[in-house]
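Please read the structure below before turning to the comments.
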Amino acid sequence: MLYHQWSPTPNSLAAIWHINEDEEFFSKITGPASERIKHPRKRLEHLCGRFLLHHLRDDFPLLHIAPDKHDKPRLPDDQYFFSISHSYPYVAVVVSDWDECGIDVQTWKDNIAEIAHMYLSPQERDLFPDNQLLTLAWSTKEAVYKWYGRRGNDFIRDMPIHAIGAEIREGAIPELPVHMHCYGNELIVKSSLHRDFALALLIKDRPATNE
């Protein structure tokens, strides 16, 4: 079931799906899931992500998705930039015509405070006083990691968060803009808290590298 769909920028579309369907529902559009994906839930997430790509852009060439040398999924000649995230039963997707993008959805986890030290410095930890905000911080860094698309990033060293902006209400979903750095880039990640999950989204041209 479509949970929400919106246009984050004039040249992008995003959507969130709440899975209540079986594999056959998605595979009518996507074709069957890879035989390498054995777990039924993982198969559903995989199919739903590709179903959403087609839902947003009906000319999206699903069969041409392939990982680059950093394992970031891409299309030939970057026909579209895109990002997929899943945290069962939710799947989130963004497709951009022009800019690199990263999206991440995370359902609530009771033990998130126990692992916060793995992705937040003590200074950052003070910005996120409860489990929902700690989940939002994790989702934000995951979205930036997907946007940057390079291996070897350290979530504390290379992606420090230095502020959370005031709540911005756009439509029915209030945003919490998260201000952070990534290899010298000043970023503002659009993050939001929903009933069952946190969501983070970044759409921005990525600086050229030598790779």
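FYI, it's all coordinate maths here, none of it is from the lab. Fair warning: this is a prediction, and the values are worked out from it, not measured in the lab. Neighbour counts run over all protein chains shown; Cβ positions are idealised from the backbone, glycine included.
Where does helix 40-56 land angle-wise versus the long Cα axis of the chain, in degrees 0 to 90, nearest 10? Helix 40-56 sits roughly 90 degrees off the main axis of the chain. Candidate values [x] 1.03; [y] 1.55; [z] 0.95 were compared with Rg/Rh (Cα atoms, Kirkwood Rh) computed on the shown model; the agreeing label is [z].
For segment 1-103, GluC sites (Glu not before Pro) meeting the loop criterion (DSSP other than H, G, I, E, B) and having at most 15 other Cβ atoms within 10 Å: Glu21, Glu35. Could you tell me how far the Cα centroid of segment 135-193 sits from the Cα centroid of segment 12-45, in Å? Using only Cα atoms, the two centres lie 27 Å from each other.
Using a/c under 1.5 as the rounded threshold, could you call segment 19-73 rounded, prolate or oblate? The axes a ≥ b ≥ c are square roots of the C-alpha gyration tensor eigenvalues, and prolate needs a/b larger than b/c, oblate otherwise. Verdict is oblate for segment 19-73.
Loop-resident trypsin sites (Lys or Arg not before Pro) (DSSP state other than H, G, I, E or B) in segment 74-141 with no more than 13 further Cβ atoms inside 10 Å of their Cβ are absent. Shown here for segment 148-195: GluC sites (Glu not before Pro) in loop regions (DSSP other than H, G, I, E, B) with at most 14 other Cβ atoms within 10 Å, namely Glu167. Here the average projected area of the convex hull drawn through the C-alpha atoms of segment 2-103 stands at 6.4 nm².
Summing charges over all other residues whose Cβ lies under 12 Å from the Cβ of Ser191, with Lys and Arg as +1 and Asp and Glu as -1, gives -2.
Summing +1 for each Lys or Arg and -1 for each Asp or Glu among the other residues whose beta-carbon sits under 12 angstrom from that of Ala163 gives -3. Determine which residues of segment 37-81 fall in the zone a paramagnetic label at Glu21 would reach in this model, i.e. backbone nitrogen under 18 Å from the point 7 Å along Cα→Cβ. Inside the label zone: 40-63. Segment 106-203 has equivalent-ellipsoid semi-axes of 19, 17, 12 Å, by the square roots of 5 times the alpha carbon gyration tensor eigenvalues, sorted largest first. The modelled label-to-label distance between Arg125 and Arg195, using points 7 Å beyond Cα along the C-beta direction, is 3.3 nm.
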